[in-house]
Every structure is written in structure tokens, then in C-alpha cells.
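As C-alpha cells, the structure follows; a few thoughts come after it.
What follows draws every value from the coordinates through simple rules; no lab data is involved. Source: prediction; values computed, not measured. Heads up, the Cβs are rebuilt from the backbone with ideal geometry, glycines too, and the neighbour counts pull from every protein chain shown.
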């Protein structure tokens, strides 16, 4: 119940700050563009948009959200209530992933005929959105302001995006398989073209492992660098 | 001059304290690395494997890349202004002889200078494509003006950083303008003319080839940029406490 309330409040907050309008607008814009692309290139671009926009949605916004709450001393009041840190983090992740998935559902409509494995697409995306939101929380916990967050997020985000090179057939190395984003791209591709079961299983395990690690680190960093500072302990 | 120096000194202190400067440098360097090395590499690979000639799109790529620094610097400046407003720093500066207009003029001109510099370096150190130097002045001015446009879009409308992010995301739509100009064949594309970068793209593709059209795009472009900037400035000045 507490968790549901927290999610509800987060969604209301995001709605009030225009996230839903902005994403509705952007998703529809993407839709118009994708419908005007040729059949052959449409899938590639759609999956690319899902990767760089949808999965990174939480990564983009979470920094500013946490820094705002920190700056307005909201966290101090929040954590004297029975709300637990884990619930706070889960609410952030769930609320942002709802927005991301809604936007994803709009963006995939132009290629819905070519999708052969919808559950893989959905779960792959969802796990990736969760990963990037947690990743953002880790960075945000140690950032001074939005530009500071940007700088760190840009650097780490670029490293995370390296497997795009393999997706675009520029360069590939087995090392990419260590990164969660390689798994994301495998699952996105598996949605539109036949992929070996082993690859799909690897991708899900890879994302789950990274998500657990990110969740653990997000909790720890938040506890150490944010909570201790608020005096709410 | 002394007043400006004081502001600059405060900024330098701030920049070394956090990673803003790293962000500016890093973002620009990544861009340079892409046009210097990655695009030629990608181009060779595409030609080899898919018989797709990326060289046809070099001018479009350079145009698109030229628009990234003003948006990046604009967002950074926008967030610095939001941050300083939250910390009431603007209120303090407003009562000094610098006044709020001085503060704004300073912030925006620094980021515009950075955008012009990065444009010229990007446009004339790459081996892919460039517009004749003679015709580069007005596109450069327009590109520079996009920095304060982005910054003010964030600083004027956003109540706080979170809304700033949402407006920043929205400002990203301006990136679509070059592609609309290039790929939409019908006259409907001129609807995208409300996006300032549309006209920058126009000058890129007419410089040196269709001079009368180049001047038409330049005049309209400068008017649109000036108009958008003037409106945003007015909103920002009036909306502040």
C-alpha cells in the first residue's frame, strides 16, 4: 500500500512536470517519421530509437528528479515517514518505466507486422529501462547538480552505448557481451528476426545480473551519500 | 570590464568545482572524434558491405553535427541559470551594478562564443564536407543564436530542474529540422521553418550553389532566430522575481 502510494505520487509528479505531454508529443513525432521510412530501414531505425530514447528515458530524467528532491529537502521529510529506501527506489523505477513502456508501445506500431516475438521485446525493454534508471540513481546519488550529473552520465552512457557498434555492423568484440546494452540490443533484434534460444537466455540472464548489481549499488550509494546527509537516520 | 571579470572569476571557480567544463570539453571532443575518425570509418564499411555511399550525406551529417554544440551549451547554460536562480544568486547579482540584464548578457554571450568557436573548428577541420568559408558567417551567427534560444527555453519556462529536463527534451526536436529539410520533398517541409535550425540547414545546402536562395534563407533565418530569441528574452526578463 505504501509502495502503491509512492508510485502514484511519483507518476503525479512526472505528469505535473509535463513528462507525459513531452513523451506523447515526441512519440507521435517518431511515429510520423517511421511511417514515412522505407520498409527495409524502418525496423533498424525503430529499434535504434527504442534503444537510445526509450531505454534511456529513466537515465535522462532520474538525475534531475533526485537532485530536485535533494535540493528542496524533500528527502528529509520523506524518510522520517515509514517509507523505506527500497520502496522509494522501486517507486521511482516503476513510475518511470510505465512512461517508457507507454512510449515504446506507440513507437513500435509502425513495425508491428514484423514483430515475431512480442514478449521478448516487452520484457527486454522493461528490464533495460529498469537498469538505466537504477544506473542513473547511482550517478545521481553522487552528483552536485544537473550539469555534474550530465557530465558523469554522458561519459558512462557512451561506454554503455558501445555495443551499438556491433548492432550497426561497424565493429564487434566478445567483450561487448559483458555489457547489459549488448543484451538489450540482442533482445530488440530477437523481436524482429529469428534468434537462437541460447542468445535470448544469455541476454535475459545478463540483464538480470546487471539489474541486481545496479539495485544493490543504488541502495548502497543512496544510503551513504544521500540519506546520511539528510539526517533522516 | 571589472564587473564582468568578477563574474568570470566566479564562474571559473564554479567550473573547476564541478564537472561542467568537463562536460563541455568532453561533449565537443566526442563530436570531433566522430567526424574525424568514426564517420570516415563507417563510410568505408558501408560502401564495402552494403554498397551504400554515405558520402552523399556528408554535408547533412556536418550540418547536423554543427547543431549539437549550441544545443549542448544551451542546455548547460540553461541549467546553470536554473541552479543559480534556485540558490538566489540571480537575486544578489540583480542588486549589484551588473543588474539582471548584465548577468544574462554575460552568461549568454560566453556560451555563444563557445558555440561559434566549436562550429568553425568542426566545420573546417573535417575532411568530409564544408560550406565555402565566404558563406559561413551567417550560418555561424544563426548557430550561435541557438545557444541562448535553448538556454532561455529551459530557463524561462521551467519552474525547476525537472521541468528543465522536459523542456530540454523538447528542444531536442530542433535536431529533426535538418532531416526534414533534406528528406521531405514537398513544400510541406517549410512548416518545419518554425524550428530555427531549418534555416541553418537551408543555408548549408544553398551556399555556393544557389546564391539567391542562400540569401533568402539567410534573411528569413536571421529573422526567425531574432524573433524567437526576442520573445524568449522578454519572457525570461518579465517572469523573474
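In percent, what relative contact order does the range B:167-230 have, based on Cα pairs under 8 Å that are 6 or more apart in sequence?
Relative contact order for the range B:167-230 comes out at 27 percent.
Which order results if A:210, B:215 are arranged by neighbouring Cβ count within 10 Å, fewest first?
Ranking A:210, B:215 by Cβ neighbours within 10 Å, fewest first, gives B:215, A:210.
Which number comes out as Rg/Rh for chain B once both Rg and the Kirkwood Rh are worked out on C-alpha atoms?
1.00
Taking 2.2 N^0.38 Å as the expected size of a compact globular protein, what ratio does the Cα radius of gyration of the range A:67-165 give against it, to two decimals?
1.32
Taking only the Cα atoms of the range A:171-233, how large is their convex hull per residue, in Å³?
Looking at the range A:171-233, the number lands at 113 Å³ per residue.
How high is the relative contact order of the range B:2-239, in percent, counting Cα pairs under 8 Å that sit 6 or more residues apart?
22 percent
Debye calculation, C-alpha points only, no solvent: report log10 I(q)/I(0) for the range B:113-241 at q = 0.09, 0.11 Å⁻¹, in the same order as the q values.
Taking Cα atoms of the range B:113-241 as identical point scatterers yields -0.28, -0.42.
What is the fewest-to-most order of A:27, A:172 by other Cβ atoms lying within 10 Å of their Cβ?
Ascending number of Cβ neighbours within 10 Å: A:172, A:27.
Hey, with R₀ at 22 Å, roughly what FRET efficiency would residue A:52 and residue A:162 work out to, going by the Cβ-Cβ distance, to 0.05?
So the FRET efficiency works out to roughly 0.95.
What percent of all Cα-Cα pairs in the range B:105-157 falls into each 5 Å bin, going from 0 up to the bin containing the maximum distance?
4, 20, 26, 21, 14, 9, 5, 2
Equivalent ellipsoid semi-axes for the range A:2-230, as square roots of 5 times the alpha carbon gyration tensor eigenvalues: give them largest first, rounded to whole Å.
31, 20, 16
If you count, for every residue in A:59-68, the Cβ atoms of partner chains within 10 Å of its Cβ, what is the mean?
Other-chain Cβ atoms within 10 Å of each residue's Cβ, averaged: 4.
To the nearest 10 degrees, how steeply does helix A:19-35 sit against the main Cα axis of chain A, on a 0 to 90 scale?
10 degrees
Enter the mean number of other protein chain beta carbons within 10 Å of the beta carbon of each residue in B:83-90, as an integer.
2
On a 0 to 90 degree scale, rounded to 10, what angle separates helix A:85-107 from the longest Cα axis of chain A?
Long axis of A:85-107 versus the principal axis of chain A: about 30 degrees.
Can you give the Rg and Dmax of the range B:17-111 based on its C-alpha atoms, in angstrom?
19.7, 64
Please find the FRET efficiency linking residue A:41 to residue A:199, where r is the Cβ-Cβ separation and R0 is fixed at 25 Å, and quote it to the nearest 0.05.
Efficiency, rounded to the nearest 0.05: 0.60.
Defining a contact as two alpha carbons under 8 Å apart and six or more residues distant in sequence, what relative contact order in percent does chain A show?
28 percent
Take the alpha carbon atoms of the protein assembly as shown, find their radius of gyration, then divide it by 2.2 N^0.38 Å using N residues; give the quotient.
Against the compact-globule rule of thumb, the ratio is 1.00.
Determine the shielding of peptide B:156-164 by partner chains: average, over its residues, the number of Cβ atoms on other chains within 10 angstrom of each Cβ.
Mean partner shielding for this stretch: 6.
For helix B:161-171, what angle does its Cα long axis make with the longest principal axis of chain B, in degrees from 0 to 90 and rounded to 10?
30 degrees
Take B:28, A:181 and order them by how many other Cβ atoms sit within 10 Å, fewest up front.
B:28, A:181
Taking every eigenvalue of the Cα gyration tensor of the range A:1-94, multiplying by 5 and rooting it, what semi-axes result, largest first, whole Å?
Those come to 34, 13, 12 Å.
Rg/Rh for the range B:188-241 to two decimals, with Rh computed the Kirkwood way over all alpha-carbon pairs.
Reported Rg/Rh, Kirkwood definition of Rh: 1.14.
Which stretch or stretches of the range B:65-81 have amide N atoms under 16 Å from the point lying 7 Å from residue B:179's Cα along the Cα→Cβ direction?
Flagged as within label range: B:65-68.
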